[in-house]
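Visitor: The structure that follows is given in the form of structure tokens.
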Amino acid sequence: MTSRISIQRPQGMQTGYQPEPMRYSNPGPSSGYKAANPDDPVEKLRAFARTVEDNVEIYSQPLKPYLPAIGRFLIVITFLEDSLRIVTQWSDQLWYLQRHRKFPWGISHTFLMINVLTMLVGSGAVILKKHTEYAVGGLLAVVIMQAIGYGLIFDLNFFLRNLSVIGGLLMLFSDSMYTRRTLFAGLPSLSETDRKKYFLLAGRVLLIFLFVGFIFRGEWSIIRVLVSLIGIAACTMVAVGFKAKWSAAFLVIVLSTFNVFVNNWWSINSAHPQRDFLKYDFFQTMSIVGGLILLVNMGPGGLSVDEKKKTY
């Protein structure tokens with residue numbers, strides 16, 4: 001985040017239909033039943049979607065036990081990198097805060113120390129699965145503090161990316177919620193399951209803002225238009241929870257590939273100021289990929305099209 005300043009995610013159909021005795025020689029379908037037409041484009045699309053979902057389930061099985069740990073680590077990786085950046089660029093950070101942001105001496109030191117300690121302790125707690133709710137709260141506070149402290153709250157690209165990071169943190173919060181009920185005297189209460197549904201919905205919606213930022217940035221080309229259209233479709237599916245696991249897995253692949261080829265900070269000379277910007281974008285994208293991986297592992301939750309379809 002600080003690098004935004006230049007400072008040097010047995011099928012069977014039971015039916016109660018029994019043919020009538022007079023129909024044994026010429027049985028027919030029950031009333032209201034219409035056989036699926038295999039040549040129907042919609043049916044072909046459904047069959048293709050089922051095939052893709054089955055393949056995702058099959059090929060993700062070996063990684064399934066490790067997905068939560070991978071997702072948690074990737075979500076906090078941008079905070080670990082940012083804390084390391086502040087420590088290694090301490091004097092430059094102080095110079096910027098005091099010279100350009102008009103922080104008084106001492107306040108700037110305190111601001112940086114609070115950021116570093118909160119990011120290190122919060123990230124460690126998330127990775128170790130200790131007091132995750134408090135850790136997520138601390139990391140959310142860091143996102144807000146840095147946006148205000150560095151004066152980047154009105155930077156559109158920064159704003160959209162941080163919305164996606166917040167979405168990843170909400171996914172992390174949902175993953176860590178215990179199965180319990182908390183009652184507040186005199187106030188309406190929500191069960192843990194209900195709260196989880198709402199956090200998952202908010203996390204899904206916020207995660208897609210990174211791709212929105214990608215669409216508005218850079219030069220347009222035919223390939224970029226195609227990737228943007230497909231990405232928007234996948235983002236919409238994630239937001240509404242339709243085929244959410246498949247679309248989240250697709251976005252993980254697209255964003256990971258995009259990240260390696262576009263944000264290749266390792267290929268830039270260490271003295272070049274663009275290196276820090278690319279590094280920042282790289283690790284923030286990795287955090288958002290971590291949120292999508294948690295979505296693949298957990299599913300979209302109760303407030304989603306997929307869950308409604310199961311109900312019906």
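Bear in mind these aren't lab numbers, they're just calculated from the coordinates by the rules spelled out. Model, not experiment: these values are computed from the prediction. Neighbour counts run over all protein chains shown; Cβ positions are idealised from the backbone, glycine included.
Visitor: Just subtract the alpha-carbon distance of Leu120 and Trp266 from 0.36 nm times their residue separation and send over the number in nm, one decimal.
Guide: Working: separation 146, 0.36 × 146 = 52.56 nm, distance 2.36 nm.
Contour length minus Cα-Cα distance gives 50.2 nm.
Visitor: Sticking with this structure for a sec: Taking the Cβ of each residue in Thr236, Thr88, Thr78 as the centre, tally the other Cβ atoms inside 10 Å and list the residues starting with the fewest.
Guide: On the way: Thr236 12, Thr88 9, Thr78 29.
So the ranking, lowest neighbour count to highest, is Thr88, Thr236, Thr78.
Visitor: What is the calculated FRET efficiency for Thr236 to Met145, with r their C-beta to C-beta distance and R₀ = 22 Å, to the nearest 0.05?
Guide: Details: r = 32 Å, r/R0 = 1.46.
Efficiency for this residue pair is about 0.10.
Visitor: Okay, moving on. With the crude spin-label approximation of a point 7 Å out along Cα→Cβ, what separation in nm comes out for Lys102 versus Glu43?
Guide: About 7.1 nm separates the two model spin labels.
Visitor: With the cut-off at 1.5 for a/c, could you classify the stretch 98-170 from its C-alpha gyration tensor as rounded, prolate or oblate?
Guide: Values: a/c = 3.57, a/b = 1.33, b/c = 2.69.
It is oblate, given that a/c is not under 1.5 and a/b is not larger than b/c.
Visitor: What does the charge add up to near Asn269, with Lys and Arg as +1, Asp and Glu as -1, over the other residues with Cβ less than 13 Å from its Cβ?
Guide: Details: positive: Arg275, Lys279; negative: Asp276.
Value of the local net charge: +1.
Visitor: What list do you get for Met298, Met145, Met119 if you sort them by fewest beta carbons within 10 Å?
Guide: Details: Met298 21, Met145 15, Met119 24.
The most exposed by this proxy come first: Met145, Met298, Met119.
Visitor: Based on other C-beta atoms within 10 Å, arrange Trp105, Trp95 from fewest to most. Before the final figure, lay out the partial values.
Guide: Working: Trp105 9, Trp95 14.
Final ranking by Cβ density, sparse to dense: Trp105, Trp95.
Visitor: Percent relative contact order of the stretch 106-171, based on C-alpha pairs within less than 8 angstrom and at least six residues apart? It would help to have the intermediate numbers written out before the result.
Guide: Values: 32 pairs, mean separation 15.6, N = 66.
Contact order relative to length: 24 percent.
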